[in-house]
Amino acid sequence: MGWFRNILNPKSHQSASVAKNRLQMVLSHDRFNISPQLIEEIKDDIIAIFVDRFSIDADAVEIHITRTPTESRLVAEIPILTPSRHRIARRAKRN
Amino acid sequence: MSARVITVSSGKGGVGKTTVTANLATALAMAGKKVVAIDCDIGLRNLDLIMGLENRIVYDLVDIVEGRCRLRQAMIRDKRHPELHLIPAAQTRDKSAVTPDDMVRVCDDLKNRVDYVFLDCPAGIEGGFRNAIEPAHQVIVVTNPEVSSVRDADRIIGIIEAKEKGPGQLIINRLKPDMISRGDMFSIDDILDILAIELIGIIPEDDNIVVSANKGVPVVMDKNESLAKMAFRNIAQRLDGNPVPFQDLTKKKNLLKRFRAWASRGK
Ligand SMILES: Nc1ncnc2c1ncn2[C@@H]1O[C@H](COP(=O)(O)OP(=O)(O)OP(=O)(O)O)[C@@H](O)[C@H]1O
Ligand SMILES: [Mg+2]
């Protein structure tokens with residue numbers, strides 16, 4: 001039934017979206033000479049800033065550099081846990 | 001008359017530069033333009049073979065540059081068209097036999113004789129590529145929908161921008177719509193998100209291209225219509241200033257989208 005799940009859940013784990021994320025990481029490096037290591041450090045710093053102030057999903061924080069013909073920007077995506085997911089996460093931690 | 005010099009590049013090898021060059025040059029010649037295609041892959045020439053002109057080579061690009069023949073003598077006329085010529089690369093020399101300045105001079109000499117000059121780059125970002133970039137008015141970047149060729153395309157885009165030849169225009173070659181709809185191949189939007197340059201054409205994976213390479217007859221000359229033939233003809237028109245719309249190669253995907261919407265209704 002894998003194909004059926006894929007149809008219902010288009011983005012999840014298909015190889016094209018994995019490839020896109022991986023490529024965006026290496027291109028940050030290729031274009032701006034920013035190493036994956038540095039990206040990881042920035043990620044940890046960002047998590048440190050938010051973790052006590054917001055309920056964020058630290059495992060899902062993503063950083064990449066996007067480019068348009070006129071500008072490039074460093075984009076951080078920091079998913080905020082919704083109240084219900086937050087509760088689930090807390091409960092999970094307690095157990 | 002002042003020729004427009006269009007360089008066809010990719011970075012990664014084998015993504016379709018020579019196929020694209022042969023077909024675009026032929027398509028424009030079929031539309032009545034005067035066209036010269038130059039093979040810049042010194043030591044590994046192939047454009048002659050793909051255009052079906054391999055048996056007619058007497059002089060080559062290095063002979064022109066080193067003064068052993070006049071420009072005209074090294075221009076092989078493709079007799080199937082009124083005004084299509086090939087300048088082949090030398091097969092027994094290496095890249096250093098030609099410099100970027102030489103290429104500028106050759107293109108300058110062609111300026112008043114033709115409408116379009118196509119330069120077919122070798123793979124890589126060294127000598128032969130630098131030669132072909134120098135005289136360019138416009139650079140086409142060919143990529144396949146897979147990680148390594150998109151990464152190399154990004155590198156090429158960086159170089160042509162640094163040389164103020166940018167931003168370049170993108171051709172996505174060997175697209176497989178069914179793989180895209182399964183989520184196992186970059187979609188056109190994915191690639192444009194990443195590379196952020198203008199798209200000028202999409203060419204599907206098409207067995208006719210291999211058949212045409214076997215015969216030395218570019219697909220745009222086929223009597224029968226094929227998706228690839230249509231794609232090349234459309235790109236040629238866009239290059240010539242007619243913004244024809246893109247074909248929909250992913251009709252299946254739309255159907256799938258509709259199914260998804262239906263399946264997840266009321267969720
Ligand atoms: N859309 C396509 N569908 C099917 N086969 C293709 C397509 N485009 C190119 N090919 C095949 O891929 C191979 C490589 O193409 P081509 O020689 O044009 O690439 P190239 O970029 O010029 O390579 P190189 O870097 O070695 O010069 C050829 O065998 C060609 O027939
Ligand atoms: Mg080639």
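No value in this document is a laboratory result; all are computed from the given coordinates. Quantities reported herein were computed from a predicted structural model and do not represent experimental measurements. So basically every Cβ, Gly included, is an ideal-geometry build from the backbone, and we count neighbours across all protein chains shown.
Structure above, values below:
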quantity	calculated
Test: residue in the stretch B:143-163 that is within 20 Å of B:Arg238 (Cα to Cα), more than 14 Å from chain A (Cβ to nearest Cβ) and within 16 Å of ligand 2 (Cβ to nearest atom)	no
Matching residues, the stretch B:48-71, being within 20 Å of the chain's Cα centre (by Cα) and either on the phi > 0 side of the Ramachandran plot or outside any helix (DSSP H, G or I) (or both)	B:Met51, B:Gly52, B:Leu53
Scope the stretch B:117-136; condition more than 16 Å from ligand 1 (Cβ to nearest atom) and over 13 Å from the mean Cα position of the chain (by Cα); matching residues	B:Glu134, B:Pro135, B:Ala136
Candidates B:Ile209, B:Ile203, filtered to the one that is assigned to a helix (DSSP H, G or I), within 16 Å of ligand 2 (Cβ to nearest atom) and either within 16 Å of the chain's Cα centre (by Cα) or aromatic (Phe, Trp, Tyr) (or both)	B:Ile209
Residue match in the stretch B:214-231 (condition: more than 16 Å from ligand 2 (Cβ to nearest atom), within 13 Å of chain A (Cβ to nearest Cβ) and not acidic (Asp, Glu))	no
Of residues in the stretch B:194-220 being out of contact with any strand residue (DSSP E or B) (no Cβ under 7 Å at 6 or more places or on another chain) and buried (at least 18 other Cβ atoms within 10 Å of the Cβ), the one farthest from B:Ala22 (Cα to Cα)	B:Ile194
The stretch B:4-47 - residue that is charged (D, E, K, R) and within 14 Å of ligand 1 (Cβ to nearest atom) and, of those, farthest from the chain's Cα centre (by Cα)	B:Arg45
Members of the stretch B:42-93 found to be without any contact (Cβ under 8 Å) to a residue 24 or more places away in the chain and surrounded by fewer than 20 Cβ atoms within 10 Å (Cβ to Cβ), listed by number	B:Asn55, B:Arg56, B:Val58, B:Tyr59, B:Gly67, B:Arg68, B:Cys69, B:Arg70, B:Arg72, B:Gln73, B:Arg77, B:Lys79
Residues (assigned to a helix (DSSP H, G or I), facing chain A (nearest Cβ under 10 Å) and not charged (D, E, K, R)) located in the stretch B:182-200	B:Ile191, B:Ile194, B:Leu195
Scan of the stretch B:1-40 for residues that are surrounded by fewer than 24 Cβ atoms within 10 Å (Cβ to Cβ), among the charged types (D, E, K, R) and within 12 Å of ligand 2 (Cβ to nearest atom), ordered by number	B:Lys12
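Residue-wise test of (1) over 12 Å from B:Val5 (Cβ atoms); (2) hydrophobic (A, V, I, L, M, F, W, C); (3) surrounded by fewer than 23 Cβ atoms within 10 Å (Cβ to Cβ).
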{"site": "B:Cys121", "(1), (2), (3)": "yes, yes, no"}
{"site": "B:Gly128", "(1), (2), (3)": "yes, no, no"}
{"site": "B:Ala132", "(1), (2), (3)": "no, yes, no"}
{"site": "B:Val142", "(1), (2), (3)": "yes, yes, no"}
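Residues are listed down the side, and each one gets a yes or a no for (1) touching a helix residue (DSSP H, G or I) at 6+ places or on another chain (Cβ under 9 Å); (2) under 26 Å from B:Lys79 (Cβ atoms); (3) free of Cβ contacts under 8 Å to residues at least 24 places away in the same chain; (4) in a loop (DSSP other than H, G, I, E, B):
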| site | (1), (2), (3), (4) |
| --- | --- |
| B:Ala153 | yes, no, no, no |
| B:Lys165 | yes, no, no, yes |
| B:Ile180 | yes, no, no, no |
| B:Ala228 | yes, yes, no, no |
| B:Phe232 | yes, yes, no, no |
| B:Ala236 | yes, yes, no, no |
